[in-house]
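Asker: Starting off with a structure, shown below.
Every read-out reported here was derived from the displayed coordinates using simple, explicitly stated rules and does not represent laboratory data. Because the structure is a prediction, the values reported are computed rather than measured. Here the Cβ positions follow ideal geometry from the backbone for every residue, glycine too, while neighbour counts run over all protein chains shown.
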Amino acid sequence: AARAACPDSKPSYTSACGPQYTLPQWSDAGGWDQKSSYFTIQMANVDGEPGDELLGRSPVGVWVERFDAARGQWALVGTADGGVALSLPSVDGWGLSASYETLQAADVDGVGAAELLVRGKDGLHTYRWQPGERTFRSIGQPPLLFPDSERWSEPGYYQTIQTADINDDGVAELLARAPDGLHTYRWDEATSRYEQIGDTLAALADFPGEWYWPGYY
């Protein structure tokens, strides 16, 4: 009965008829039925505060939602005007599988908040959350790793890009398999670049083990 009497036909996060439970508005109409969008949906702590945020890239860019425990529902935490937290439009190539399949979050600098990583045509981009601006800002300096010009648009290479804390020091390393084998990198805050650590694992090179086959990579 109360719902029927409510004059708000389109309740939102701050509806005058609320509080009403609303899901993140990631509908098919907004392009979220496309693999380049729903494939990117993930959880990560990008602001360093308790609790993870919900992240996902639509055809226009990356959106960030946070669960508001007091209100019992999700709330958009993108830019102040309600826009995307990071512009990665499909029209600029970010909707290609060689890009959106690499989108991931990891704490590469060890400060307790996850950075956002995604590979573009010119290489791997790294972004850091800016609480005051409520958006992501690029922190990587060129030359970037894994550009198209070095065959990283091929699935046998870009699908191997991942992050993990492999030495238990609280910082995520970056791993990726190139034609000559598996490379391991660590973020260098002083240079704003990833620097290779250790030797290349040549046992995972394209030949003679044929590690470029989908059944292996």
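Asker: Just name one of GLN196, ALA75, VAL64: the one whose Cα is farthest towards the positive end of the charge dipole of the chain (beta-carbon charges, Lys/Arg +1, Asp/Glu -1).
Answerer: The listed residue farthest towards the positive side: ALA75.
Asker: Can you tell me the Rg and Dmax of the stretch 133-217, counting just the alpha carbons, in angstroms?
Answerer: Cα radius of gyration and Dmax of the stretch 133-217 are 14.2, 50 Å respectively.
Asker: Now a separate question. Give me, ordered by chain and number, the residues 5 or more places off THR40 or on other chains with an amide H under 5 Å from its own placed amide H.
Answerer: It is ARG57, by chain and number.
Asker: Can you list the trypsin sites (Lys or Arg not before Pro) in the stretch 43-107 that are in a DSSP coil and have 16 or fewer other beta carbons within 10 angstrom? List each step's numbers first, then the result.
Answerer: On the way: sites: ARG57, ARG66, ARG71; in loops: ARG71.
Passing both the DSSP loop test and the Cβ count: ARG71.
Asker: Distance from the Cα centre of the stretch 188-212 to that of the stretch 57-111, in angstrom?
Answerer: The two parts, judged by their Cα centres, are 28 Å apart.
Asker: Of all alpha-carbon pairs in the chain, indicate the percentage at a distance above 27 angstrom.
Answerer: Value for the chain: 39 percent of Cα pairs lie more than 27 Å apart.
Asker: Could you check which residue among ALA176, ALA70, ALA205 shows the biggest mean-square fluctuation in a GNM of the chain with a 10 Å Cα cutoff?
Answerer: Highest fluctuation among the options: ALA70.
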